[in-house]
Amino acid sequence: MSTQPANAQTDFATATNAAARPIRPMRLWPAIGLIAAYWVSWVGFSFADLTISAHFFTSVIGPGVLLLLFLIWWGTNRGVRWTDRLLGIAAVVGGCVLAVRGMHPSVGFYGALIMALPIGLAIWVVWLMAGGRRSRFVRCWGAILSLLPIWILFGLTRSFGIDGNLHADMHWRWTPSPEELLIAERTRAGDKTGVLPIADAAPLTLEPGDWPGLRGKNRDGIVRDLRIATDWSKLPPKQIWRHPIGPAWSSFAVVGSRLFTQEQRDEAEAVVCLDAATGHEIWVHTDHARHWDGQGGAGPRGTPSFADDRIYSLGATGALNCLDAASGKSKWMRNIADEAQAAVPMWGFSGSPLVVGQIVIVYAGGEKGLLAYRAATGEPAWSAATGHDGYSSPQLIKIGGETQVLAFDDAGITAVDSATGAVRWQQKAAAPHMWRTVQPHLIGDRQIVFGSEDLGLVSLDLKQEQSAWAISKRWSTNNLKPAYNDFVVSDGSIFGFDGALFCCIDAETGQRRWKAGRYGHGQVLLLADQKLLLVMTESGEVVLLSANREKLEELGRFQALQQKSWNNPAIAHGHLYVRNDQEMACYELPRAP
């Protein structure tokens, strides 16, 4: 007798029982815990007083760790068939890759990782919790399809930039940016960009009260010979003019009745001369160049420098220009990226040229570090090896009868002879590719203070021993960790930004005197004659403080600009000049009675 029918019946029954067997329950609690822990941490970090670098690393590492652990949970979950596990992993990774390719560049990979992916994974878990695990089709394909709306949503958005805490300014993809609106308006008005240098103009000379470049005459943020009224409730600063401007993080140089700054004009970097009384354009010089990054956006970063009737400017892609300040005519141009064999930094070349006698000095990084050129001809004068990456500007100091130039970058701080480029001394503090942006300060006749987010503040004492210099560390502290926010020094106290909070540090000991004032990632100037601090907040407010080493003492405030403001303010002849990446304005400061 044949056994075939019996065996067939047995196989059929086994298959039927297997099909009827309920799907093994999924272990959802690990995924729920992961998602909950991530979002609780996200809320906590958003409101925590962290440095910019800490915000950056947590915003990138957090979603990366979440994704890795989530995929491990999914890939090892016995409640999911191994084919479905592979399908889910492929859907997440492949979907992310495809979505990034279709996203706006301002969102891109980091936007997908930091914003879209955590939301998508949270929706997936909520789907499974709501009953999506009852059948294979609903459990697997439904969860995968739940990611699509997030990819589509972020594919339809763009970012207009981020603030100091890395919070993105998100808009629909078809929303024109402020830069695009300004380009369209200038096109309608018949913009004459590139043909505006004027034929004849009287030479410009530096006069008392002028502001010749980045953070003033000595690059220390100090305003002298000015006394203002401090009761702004009765005598507030008066707006003189306000105009739109293209994106850039440059500040102003002010010489007599002229203002000089930089901006991006579509595919051209522009050095612009303006009438200080009206803000109207006098001349413009352009170079075909454009730098853009997802954090800083588009435009030049450096502030023009004035010396001997010439304007020296450095664009974000490395174009070093020498222009006649009165007319805008080009004297010469060099490309420092090519000459230093340096790649354009992540956030663009950000330093301002330093003019010392007949030498123009710029920080290039790369293989040559500091580059010096003859001011008259643009011919190379010398180079000095420093670090490879830096965003601080060369700083001039006079110490022990020597004129030295300081370069602060990812190698530490290097002092060179201003005439020859010979290295005079170095303080090594290597952190490859670490962004170091603020200006070193000479306090007294031998104390150097410099700082960054990774170093905090460092104070050095220098002593000349015959032809060499001996260096000793006076103190170092994490009580103030400057990012791209310069500090000022007044009567033995250092005032500056520690993250988004303003604080005061004792210059002799490094001890913190106080920490208060949530002004975002702003900038500060010192009005030395009255011991006043003028703070430009990240949100565009101007706040007047007393340079009080005992406590935060606010005297007045007003809203000067309407958008994120990272640019250094400038003060010349009793007028305050402020700008950001969208607008610029002039205010008359009330004079002291």
Worksheet item: Tell me, what is the FRET efficiency for residue 476 and residue 48 to the nearest 0.05, using R0 = 22 angstrom and their Cβ-Cβ distance as r?
Response: 0.40
Worksheet entry | Principal-axis tilt of helix 52-75 within the chain, Cα atoms, nearest 10 degrees | 10 degrees
Response to the item:
Between the residues 576, 566, 74, the Cα farthest towards the positive end of the dipole of the chain, that dipole coming from +1 and -1 charges on the beta-carbon of Lys, Arg, Asp and Glu, is from 74
Worksheet item: So if R0 is 56 Å, what FRET efficiency would residue 81 and residue 417 give, r being the distance between their Cβ atoms, rounded to the nearest 0.05?
Response: 0.20
Worksheet entry | Positive dipole terminus of the chain, leading residue within 547, 484, 175 (C-beta point charges) | 175
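From the C-alpha coordinates alone, can you work out the Kirkwood hydrodynamic radius of the range 481-576, in Å?
Value: 13.3 Å, from the Cα pair sum.
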Item to complete: Can you tell me the equivalent ellipsoid semi-axes for the chain? Use √(5λ) from the Cα gyration tensor, largest first, whole Å.
Response: 54, 27, 25
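Net charge near residue 263, counting Lys/Arg +1 and Asp/Glu -1 over other residues with Cβ under 10 Å of its Cβ?
Details: positive: 265, 579; negative: 179, 269, 581.
Summing Lys/Arg as +1 and Asp/Glu as -1 gives -1.
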Worksheet item: What angle do you read, to the nearest 10 degrees and between 0 and 90, between the alpha-carbon axis of helix 29-47 and the longest principal axis of the chain?
Response: 10 degrees
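Please give the peptides 321-332, 555-566 ranked by average Cβ packing (other Cβ atoms within 10 Å per residue), highest first, as a rough proxy for protection.
321-332, 555-566
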Fill in: Order of exposure, largest accessible area first, which applies to 167, 521 with probe 1.4 Å
167, 521
Item to complete: Take peptides 244-251, 451-458, 109-116 and line them up by average Cβ neighbours within 10 Å, highest first, as a rough protection proxy.
Response: 244-251, 451-458, 109-116
Discussion item. Which GluC sites (Glu not before Pro) in the range 205-290 sit in a loop by DSSP (not H, G, I, E or B) and have at most 13 other Cβ atoms within 10 Å of their own Cβ?
Written reply: 267
Worksheet entry | For the chain, size of Cβ-based charge dipole, Lys and Arg +1, Asp and Glu -1, in debye | 2300 debye
Discussion item. Multiplying the sequence separation of residue 227 and residue 329 by 0.36 nm and subtracting their Cα-Cα distance, what value in nm do you get?
Written reply: 33.0 nm
Worksheet entry | Debye log10 I(q)/I(0) for the range 365-498, one point scatterer per Cα, at q = 0.21, 0.22 Å⁻¹ | -1.32, -1.42
Worksheet item: So, with +1 on the Cβ of K and R and -1 on the Cβ of D and E, and no other charges, what is the size of the charge dipole of the range 437-593 about its Cα centre, to the nearest 20 debye?
Response: 240 debye
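Among 289-299, 310-320, 73-83, 209-219, how do they line up by average Cβ neighbours within 10 Å per residue, starting with the highest?
So the peptides 289-299, 310-320, 73-83, 209-219, ranked by packing, come out 310-320, 209-219, 289-299, 73-83.
From the helices alone, meaning DSSP H stretches of at least four residues, give me the mean residue ellipticity at 222 nm for the chain, per-run term -39500 (n - 2.57), in deg cm²/dmol to the nearest 500.
Helix contribution divided over all residues of the chain: -6500 deg cm²/dmol.
The values are calculated or read from the model by the stated rules, or taken from the named source; none is laboratory data. Since this is a predicted model, take the numbers as computed values, not measurements. As a convention, Cβ positions derive from the backbone with ideal geometry for all residues, glycine included, and neighbour counts pool all protein chains shown. Surface areas here come from the heavy atoms of the whole protein model, side chains and all, with no ligands, DNA or RNA. Shrake-Rupley method; radii C 1.70, N 1.55, O 1.52, S 1.80 Å.
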